[in-house]
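Enquirer: Just dropping this structure here.
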Amino acid sequence: MGGMNASSAPAGDTEDRAPGDAPHRSGFACFVGRPNAGKSTLTNALVGTKVAITSNRPQTTRHTVRGIVHRPEAQLVLVDTPGLHKPRTLLGERLNDVVRTTWSEVDIVGFCLPADQKLGPGDRFIAAELAGLKKRTPKVAVITKSDLVPGDVLAAQLMAVDRLGKELGIEWAEIIPVSATEGSQVGLLGDLLVPLLPEGPPLYPDGDLTDEPEQVMVAELIREAALEGVRDELPHSIAVVVEEMLPREDRPADRPLLDVHANIFIERPSQKGIVIGPKGRRLKEVGSASRKHIEALLGTPVYLDLHVKVAKDWQRDPKQLRRLGF
Ligand SMILES: Nc1nc2c(ncn2[C@@H]2O[C@H](COP(=O)(O)OP(=O)(O)OP(=O)(O)O)[C@@H](O)[C@H]2O)c(=O)[nH]1
């Protein structure tokens with residue numbers, strides 16, 4: 001949702017103190033690593049749901065929220081970045097710049113390295129980039145797929161990663177083996193990440209905590225559908241807020257229906273036509289495309305009520321602005 005900077009919001013808001021006096025912490029983390037390293041599976045395991053929002057549009061996934069880990073004392077928002085590749089073209093270099101920017105905006109970078117594969121040039125390339133990242137961003141080495149190797153191989157991998165860090169001048173905040181598929185050490189990884197977050201209130205403050213990740217994900221699905229095909233015409237600053245998700249009353253138990261009310265916010269009135277389209281056709285398409293995804297996500301039939309609004313009126317309301325990710 002592009003709200004990265006919210007993590008640097010003033011800390012120590014006493015109203016947000018968690019029980020036990022520990023300050024509430026919140027912020028963003030992203031997992032990096034070569035393809036197939038296990039990033040998505042780990043994200044899902046941490047969040048505790050099988051949902052992973054994907055998009056065929058790397059440019060818009062730059063800040064896509066992949067999942068939110070809610071704890072009484074912390075909120076960890078896992079965001080996606082496009083993959084980092086050895087650049088062969090100018091475009092490749094530009095994309096890598098985008099990745100570096102994202103890395104520099106998050107509070108924690110988790111570097112995923114599969115236990116069952118020797119460190120390779122791909123890992124070294126990413127590690128060298130990590131070494132160039134500002135020092136105060138904690139870097140956590142996550143040895144994924146620990147279930148695939150015996151203990152001695154795992155130990156050797158841990159040492160190899162430790163050495164790699166020393167070689168390149170990276171100070172790992174932690175090196176931890178996990179198995180996302182077996183659920184082994186996933187909770188511990190969460191425990192280790194939380195203290196690395198800055199102090200701050202929850203970044204998604206409104207609504208029921210348990211509903212919130214769903215609402216955020218639903219908003220992302222709508223946003224992705226709304227950007228589909230109009231990327232060139234619309235800037236990235238389109239925001240979606242799910243106002244309400246309520247089961248329709250008076251429905252038989254075997255035929256539930258969920259009412260979802262959402263607003264698509266644009267920055268200027270002139271953008272309204274683009275989102276709505278001639279005779280409202282585009283908005284209809286956005287609605288039916290995202291409704292299918294939402295139904296798949298939530299496993300229930302959905303009635304989707306979409307409105308397009310100009311965010312101008314909201315600019316003086318900091319709370320709304322934060323929700324909108326501006
Ligand atoms: N045995 C085992 N397999 C795993 C584990 N985590 C992921 N995998 C498998 O490894 C493969 C890649 O996992 P993904 O989570 O898709 O990897 P990724 O890093 O997100 O991949 P890209 O999207 O290509 O970058 C899948 O077949 C997973 O099932 C694990 O902990 N144990």
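The values are calculated or read from the model by the stated rules, or taken from the named source; none is laboratory data. All of these numbers come straight from a predicted model, not from anything done at the bench. Quick reminder, even Gly has a Cβ in these numbers, built from the backbone with ideal geometry, and neighbours come from all protein chains shown. Areas reflect the complete protein model, heavy atoms only, side chains present, ligands, DNA and RNA absent. Shrake-Rupley method; radii C 1.70, N 1.55, O 1.52, S 1.80 Å.
Enquirer: Go through (1) under 20 Å from GLU233 (Cα atoms); (2) at pLDDT 90 or above; (3) of a type outside the set (S, T, N, Q) and name the single condition VAL310 misses.
Expert: For VAL310, the exception is condition (2).
Enquirer: Please verify whether LYS135 is among the charged types (D, E, K, R), touching a residue at least 12 places away in the same chain (Cβ under 8 Å), closer than 15 Å to TRP172 by Cβ and open to solvent by 60 Å² or more (accessible area, probe 1.4 Å), treating the condition exactly as stated.
Expert: Working: among the charged types (D, E, K, R): yes; touching a residue at least 12 places away in the same chain (Cβ under 8 Å): yes; closer than 15 Å to TRP172 by Cβ: yes; open to solvent by 60 Å² or more (accessible area, probe 1.4 Å): yes.
When the stated conditions are applied, LYS135 passes them.
Enquirer: A follow-up question, please. Restricting to the stretch 107-160, give me the number of residues that are away from the ligand (no atom under 16 Å from the Cβ), over 22 Å from the mean Cα position of the chain (by Cα) and not acidic (Asp, Glu).
Expert: Of the residues in that region, 11 qualify.
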